[in-house]
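Reading through the C-alpha cells given below for one structure.
All of the numbers you see were taken from the coordinates with simple rules; none came from a lab. Fair warning: this is a prediction, and the values are worked out from it, not measured in the lab. Heads up, the Cβs are rebuilt from the backbone with ideal geometry, glycines too, and the neighbour counts pull from every protein chain shown.
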C-alpha cells in the first residue's frame, strides 16, 4: 500500500507508461504498471511528469515592485539600477516579505519549487536581508529558497559594501555574490572577484556572481572568476550568471576561455528573458541578442542552467514565474530547435538547475524526494512549445497545487466540440 501513485506517465528521458509510487515523502518505485494500491492515485494519461522546475537566478527582494517609485521608461538595465537605488531607501520589511510571499505562491502554482535569490546588500540597514531570511523560513515547507549576498552597487563601489556583505553572511545568507563589471574600474572588478572568492573559501560557501552582464567584449571577469575558482579550490561550487559579454567576444579568445571555465567546473546561468531584453541597447542594426554561448558551453561539458531573473520589477516589466517561458525564449535565442536540443533546454530548467543549487534528493529515481509536476504535455519539446497547465504539483508526496486541463469549447458546424492544443502535434 502506497500513499500516492502517479500512473501512466511519460518521463523527460523518453520512457512512457511509467508508474511512480510514493510512500511518505519518498519515491519508492518507478516502473510500468505497478501492481499496488494507494491512498491517492493520479492518472497522468500519457502526460509528462517531471521533477519540479528550479530557478537558480532571481531577485526576490525586487519582485512585483513594478512602478515603484516610477516606471522604467527606457526599459534599460542602467535605468532599472537607478530606479532600484531610488526605491531601496523606502523599502520596509513587511512590504518586502509580502511581495516575496505572493511571488512564491505564483511560483508554486507553476511547479517551481526551488529558487536562488540574490539579495541586495548595498544598503547597510540590510532590510532586504532580514526580509528574505524571514521568507526563506516561512516558505521552507513547500519551497527551497537559497540566498546570495549581492552587492548591487559594487562590492568596492558602494560606500559600506565590504562590511555590509560580511554582515549579511554573518546573518545567515548562504552564498557569496558579486558584480565585478559594475565596479569603477576593471582592476577593481578583478580585485573584487579575488576578495569574494577568498571569503567563500574561508567560510566554506559557494559563489554566484553577476559576471560581465554587458555587451563589452573586453569585460572578461569570467576569466578571473574561473582562475580564482581553481586557485581557491572552489571547483563545482561557483556559478557565473549572465556572462552576456561572451556573446560579443571574438572566437579565438572564447576558444581559450571555455576550456578554462570547464577546468573550474563552473556552473553557468544565462537568463534568456532578461538578456534578450536588456542587451544590445547601444546597437542600431545588426542588433546583438546578448545571451551567452549556450550551445558551446553545453558542448564543452559545463553545467548550464537558466534563470528567470526578474518578474515585474524595475528591470523587467513582464514575467509570470513560469520557467517554461524562460526555456521557450532560450530555444529561440540559442537557436536550439532540434529534438535533443529541446531536451537539453528542458534539463536546464530542471536537473541542471538542481545541480547548480546542490539540491539533495532531486529527481525521479527510487529514493528521491517525491517532488513532482504533472504537465498537460506529452514530452519536453511539447512543454516548451505550449507552456502547458500544471495539472498537479506534488511536494513531498502531497498535492499542493493543481490546475484544470486547458481546453477550448468550439461551436462550429461539423467540427469537434473542444480543442486541446497538446493534441495538435505529430508524434515523432
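Would you mind getting me the FRET efficiency between residue 98 and residue 137? Use the beta-carbon distance for r and R0 = 22 Å, nearest 0.05.
The computed FRET efficiency comes out at 0.90.
So between residue 216 and residue 105, what do we pick up on full extension, going 0.36 nm a residue minus the alpha carbon distance?
36.2 nm
Can you compute the FRET efficiency between residue 335 and residue 253 using 1/(1 + (r/R0)^6), with r the Cβ-Cβ distance and R0 = 22 Å? Round to the nearest 0.05.
After rounding to 0.05, the efficiency reads 0.50.
Would you mind computing the Rg to Rh ratio of segment 54-95 from its alpha-carbon coordinates, Kirkwood style for Rh?
0.99
Okay, which of segment 110-141 sit inside 20 Å, backbone N to the point 7 Å along the Cα-Cβ direction of residue 87?
115-136
So if each residue of separation counts as 0.36 nm, and I subtract the Cα-Cα distance between residue 170 and residue 417, what length gain in nm does that give?
Length difference between fully extended and current span is 82.8 nm.
Tell me the angle of helix 323-333 to the major Cα principal axis of the chain, expressed in degrees between 0 and 90 and rounded to the nearest ten.
So the helix axis and the longest Cα principal axis differ by about 70 degrees.
Taking 0.36 nm per residue of separation and subtracting the Cα-Cα distance, what length does fully extending residue 404 through residue 43 add?
Separation in residues times 0.36 nm, less the Cα-Cα distance, equals 128.6 nm.
Given a cut-off of under 8 Å on Cα pairs at least six residues apart, what relative contact order in percent is computed for segment 312-428?
Relative contact order, segment 312-428: 17 percent.
Could you work out the relative contact order of segment 236-338? I mean the mean sequence separation of Cα pairs under 8 Å and 6+ apart, divided by the number of residues, in percent.
Result for segment 236-338 is 30 percent.
Can you give the relative contact order of the chain as a percent, counting alpha carbon pairs under 8 Å and 6+ residues apart?
RCO, the chain: 18 percent.
At residue 78 and residue 263, where each label point lies 7 Å from the Cα along Cα→Cβ, what is the point-to-point distance in nanometres?
3.6
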